[in-house]
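The values are calculated or read from the model by the stated rules, or taken from the named source; none is laboratory data. The shown structure was predicted, so the numbers you read here are calculated from the model rather than taken from an experiment. FYI the Cβ positions are ideal-geometry reconstructions off the backbone, even for glycines, and counts take in every protein chain you see. Note: accessible area is taken over every heavy atom of the protein model, side chains too, but ligands, DNA and RNA are not part of it. Shrake-Rupley method; radii C 1.70, N 1.55, O 1.52, S 1.80 Å.
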Amino acid sequence: MKLQSIQILRGIAALLVVVYHIRAQEVLAIGGNGLSEMPFLNGFVNNGFAGVDLFFVISGFIMVYVTDGVRPGLKSSLDFLFARATRIYPLWWFFSALMITMMIAYNLLGFGANWERALQGQPMVPYLFKSFFLIPQYAFPLPAVGWTLVHEMYFYAAFTLILLAPRRFLLWILLVWGLVIAGGAMVGMSKPLAIDYASLVLSPMTMEFILGAVVGVAVGSGVAWRSGLMTLFAILWLAGSLTFHRPDDLALITWNRIIEFGLPCTLLVYGFATLELSKRQAWLVPAGIGALTAAMISFLYGLPADSPFDQRAGAAIVTVLVGAVAMMASLWFGWLGGQSMPNRLRRTTPYFEACYKGLARLGDWSFSLYLCHVILLTLTRLAFGFLGDIPALAPIFQLGHKGPLDNIALVMVCLAASIIAAGLSYRLIERPMIIGFSGLRERLFHSDPTKPQVG
């Protein structure tokens, strides 16, 4: 059964990454115009890359959840690997080829030497081969967000081997896997980036996949302890981390990242999944109100990425406290409304259901959104640069111009273009691929050899 609440988390994770990259494009555009201005997007957006941590935890959970009841063996393992590889590679190849085509055109038009920056001194053919097949290397793949898919494919390959063992050993295997990663860190073998297979296998970020898998085991076993309160707590923890952490902290890419982002994301996945399975999604109303309030407070603080410790700590404390107050107020008014005017309260249900379904739909588009948004953001920045050179249009399109109009325009256009493109990509490219490969998978692994094949 597909969990809509987990799809909502996918959509939120993708949006976090998108706004993080919009901020990066905003900074590039301001600098490219030779102007000096603080970017419009600050606060929690500085750490929007934490959407990746949420993606990794969700991946671990989903791998365990969808294989519950699968009989161990080679056929089941290969079936799983085929399903996951065909879910990742075809769409990745499409957008990777599109990005490479754009890079070639960009260079031929004389806009810059981006190949050199992408290759980072590596030979082109080996680089492109490793990039296409998501093999770890020193440079980021094209598009650069593919570095996370290198980890994903490793997760899938490792879990394929795990599926060979009886299910009762799963928790012990996950424990040993985590201990190996922790041991590698203790002897200094962990590296900030997965530049080869050794650093990929011992990457601390694998712990997020393992944590998600442990949640999958717990949920599959029927564990559902204080799901509502756990969800609220996880949101406040994550809001505090997003506001407090300095993204240039080198410790972030090791174990601090697991503590500050991985653990609250783990609780969030646990809470969302168990609330849906127990049909108590009403808890998501105070959770959503608290999250939006905390995000607004963090954004209004507007602290840049290099803010001093005391400023970031103060902003994080206020963000968490105000978010908690919003949650408690929502719970109180919900209880009060249920007591005094239940019919009026029920009339608000369709609005919340529409929001729920809309976010779940965005979650369906999340992989397309994740892959296409970098291309859309780059094109939007270039378009703004061209239009900003026209004096009459400068107040709207020239980043760094006085006033926030240009910044707000960039953010809104980038968001709208990315989401629209993701929806189109899902309907026209991704979903047909899913259907096509599902049919092939059915014929390869699920067909009955005793029955005649038709067509």
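Couple of notes before you dig in:
- Take residue 306: with every protein chain present and a 1.4 Å probe, its accessible area is about 100 Å².
- The HN-Hα couplings worked out from phi for region 84-100 by the Karplus form 6.51 cos²θ - 1.76 cosθ + 1.60 (θ = phi - 60°) are 6, 5, 6, 7, 9, 5, x, 5, 4, 5, 4, 6, 5, 5, 5, 5, 5 Hz, whole numbers, x standing for Gly and Pro.
- Modelled spin labels at residue 74 and residue 36, positioned 7 Å past Cα toward Cβ, are 6.7 nm from each other.
- Of the solvent-accessible surface of region 23-93, computed with a 1.4 Å probe and all protein chains present, 63% belongs to carbon and sulfur.
- Carbon and sulfur %, accessible surface of region 346-421 computed with the full protein complex present, 1.4 Å: 75
- Between residue 198 and residue 383, the distance separating the two model label sites (each 7 Å from Cα on the Cα→Cβ line) works out to 4.7 nm.
- Taking 0.36 nm per residue of separation and subtracting the Cα-Cα distance, full extension of the segment from residue 105 to residue 392 would add 100.4 nm.
- Fully extended contour minus Cα-Cα distance, from residue 408 to residue 310, at 0.36 nm per residue: 32.4 nm
- For region 238-342, the carbon plus sulfur part of the accessible surface works out to 75%, probe radius 1.4 Å.
- For region 18-26, 3J(HN,Hα) per residue [Karplus equation, 6.51 cos²θ - 1.76 cosθ + 1.60, θ = phi - 60°, Hz, x = Gly/Pro]: 5, 5, 4, 6, 5, 4, 4, 5, 4
- If you sort 446, 245, 401 by accessible surface, 1.4 Å probe, largest first, the order is 446, 401, 245.
- Two-site FRET efficiency, residue 172 against residue 427, from Cβ-Cβ distance with R₀ of 45 Å, rounded to 0.05: 0.60
- What the chain shows is 49 Å² of accessible area per residue, with the surface traced by a 1.4 Å probe over protein heavy atoms.
- For region 297-302, 3J(HN,Hα) per residue [Karplus equation, 6.51 cos²θ - 1.76 cosθ + 1.60, θ = phi - 60°, Hz, x = Gly/Pro]: 5, 4, 5, 5, 4, x
- Remark: spin-label model distance residue 282-residue 82 equals 4.6 nm, labels positioned 7 Å along the Cα→Cβ axis.
- Residue separation of residue 138 and residue 66 scaled by 0.36 nm, minus their Cα-Cα distance, works out to 22.6 nm of gained length.
- The chain - charge dipole about Cα centre, Lys and Arg +1 at Cβ, Asp and Glu -1, debye rounded to 20: 1380
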